[in-house]
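First comes the structure, then the notes that go with it.
The values are calculated or read from the model by the stated rules, or taken from the named source; none is laboratory data. What you see is a predicted model, and the numbers here were worked out from it, not measured in a lab. Here the Cβ positions follow ideal geometry from the backbone for every residue, glycine too, while neighbour counts run over all protein chains shown. Each accessible area value is taken on the protein alone, full model and side chains, heavy atoms only, with ligands, DNA and RNA left out. Shrake-Rupley method; radii C 1.70, N 1.55, O 1.52, S 1.80 Å.
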Amino acid sequence: MTQYTILDPRKPAALLEACPAYQPSPLDVVDLNGQRILVKDETARMGLGAFKALGGVYAVAQLISGAVGRNLSADEFQSTAVRNAAKAMTFVCASAGNHGMAVAAGATLFGAKARIHLADTVPEDFARRLRAKGAEVVRSGASYEDSIAAAIKDAENTGAIHLADGSWPGYTEPPRLVMEGYTVLAEELRRTFEKTGNWPSHVYLQAGVGGLAAAIASMIRRNWAVQPEIIVVEPDAAPCLGESVRAGRMTTVEGPVSNMGRLDCKAPSMLAFDILRQTADHFVTVSDEAAADAVSVASDLGYHSTPSGVAGLAALLADVPRDRPLIIFSEGAVADA
């Protein structure tokens, strides 16, 4: 089996730790119906309100470094030469909301431009927030897959840099960088558990195309001293990773639009599929109703999130009691983020 060496957590850690907006997100222990649950709270991450800030900002920085032709330190990104190089660069991507926010924030931070393609199903609140970050927003089609196709065509026609968070044959390096940024989250967890000894027994990882789940699962299998069971959680309307693993090949699924909009992806990332089929123990699905109920449960615990953000909690609530489960609230409520 492949060893998980394609992601280097040292690189994003070095860059992000030099960023004034960066600090580790909280890891809380909460009581839910007599069960103690570990909660990694991403709802306020870097002022963007989602874990995706870790990936998009880091990937923009690395692609600017590539354009300059050398690895740049955090301080060098503010130099006139680098800012001039970045000014000529436009990053384009499709997004269900949070990835676009991270790309827009990274572009603004380093002096570049961003153009984000949104499907009609993405709430206008996200479009307004993207524009507030300085991004150009283009409505492109009825589905996330339509917006991906539009972003690819945009990059081909304009020379912009396509920075997707999903990968496919012939397109791997930009999404690999996004996933590498997500490893910071797993490393934050590892450092905390090494200090406390309170390692989780089960880790629930929600997945759309699978970037976050694969990045964390890769780090868990690579360097966590105590190995948990890993459960990948998908909407029952879009179980593309579970179906791909069962089929033994990349599989596109069909289904209705889910209220878990950021997870409502019908085709998996190739890199995520390759990692998760080796690292995950189980693939489960949750319904829109279960995700909506989990939003209320999270609110009662003091966390304001979305159906996408609490999908791991929804899966945990449907599971048998676990010893020390870990869930991730991956995004804040749109109004709060």
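Summary of computed values
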| read-out | value |
| --- | --- |
| Subset of region 217-233 [of a type outside the set (A, V, I, L, M, F, W, C) and in a loop (DSSP other than H, G, I, E, B)] | Gln227, Pro228 |
| Selected residue [aliphatic (A, V, I, L, M), part of a helix (DSSP H, G or I) and open to solvent by less than 10 Å² (accessible area, probe 1.4 Å)] from Val103, Val92, Val39 | Val103 |
| Selection within region 104-127 - out of contact with any Cys (no Cβ under 9 Å at 6 or more places or on another chain), farther than 15 Å from Gly49 by Cα and not hydrophobic (A, V, I, L, M, F, W, C) | Thr108, Gly111, Lys113, Asp120, Thr121, Pro123, Glu124 |
| Those residues of region 294-321 which are within 22 Å of Phe283 (Cβ to Cβ), surrounded by 24 or more Cβ atoms within 10 Å (Cβ to Cβ) and not hydroxyl-bearing (Ser, Thr, Tyr), in sequence order | Ala294, Pro307, Gly309, Val310, Ala311, Gly312, Leu313, Ala314, Ala315, Leu316 |
| Cβ-Cβ under 7 Å pairs, at least 6 apart or on other chains, region 80-98 side closer than 15 Å to Lys133 by Cα, far side open to solvent by 40 Å² or more (accessible area, probe 1.4 Å) and modelled with pLDDT under 95 | Gly97/Arg262; Asn98/Arg262 |
| Those residues of region 291-314 which are in contact with a helix residue (DSSP H, G or I) (Cβ under 8 Å, 6 or more places away or on another chain) and among the aliphatic types (A, V, I, L, M), in sequence order | Ala291, Ala294, Val297, Ala298, Val310, Ala311, Leu313, Ala314 |
| Residue within region 322-330 that is open to solvent by less than 10 Å² (accessible area, probe 1.4 Å) and among the aromatic types (Phe, Trp, Tyr) present | yes |
| The listed residue being modelled with pLDDT of 95 or more and either open to solvent by 10 Å² or more (accessible area, probe 1.4 Å) or on the phi > 0 side of the Ramachandran plot (or both), out of Gly134, Gly159 | Gly159 |
| Some residue of region 222-230 being surrounded by 24 or more Cβ atoms within 10 Å (Cβ to Cβ) and either within 16 Å of the chain's Cα centre (by Cα) or among the aromatic types (Phe, Trp, Tyr) (or both) | no |
| So Glu194, is it more than 20 Å from Asp28 (Cβ to Cβ), among the charged types (D, E, K, R), free of Cβ contacts under 8 Å to residues at least 60 places away in the same chain and surrounded by fewer than 22 Cβ atoms within 10 Å (Cβ to Cβ) | no |
| Top-ranked residue in region 162-173 [being surrounded by fewer than 23 Cβ atoms within 10 Å (Cβ to Cβ) and at negative phi; ranked as modelled with the highest pLDDT] | His162 |
| Candidate set from region 309-331 (those that are among the aliphatic types (A, V, I, L, M) and assigned to a loop (DSSP other than H, G, I, E, B)); member that is nearest to Arg36 (Cα to Cα) | Val320 |
| Qualifying residue in region 107-127 (condition: β-branched (Val, Ile, Thr), outside any helix (DSSP H, G or I), more than 29 Å from Ser73 (Cβ to Cβ) and at pLDDT below 95) | yes |
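Per-residue answers, yes or no, for (1) surrounded by fewer than 18 Cβ atoms within 10 Å (Cβ to Cβ); (2) assigned to a strand (DSSP E or B):
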site	(1), (2)
Tyr182	no, no
Pro200	no, no
Val203	no, yes
Leu276	no, no
Ala292	yes, no
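Residues are listed down the side, and each one gets a yes or a no for (1) more than 17 Å from Val209 (Cα to Cα); (2) out of contact with any Asp or Glu (no Cβ under 9 Å at 6 or more places or on another chain):
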residue	(1), (2)
Ser287	yes, no
Pro307	no, no
Ala318	yes, yes
Leu326	yes, yes
Ser330	no, no
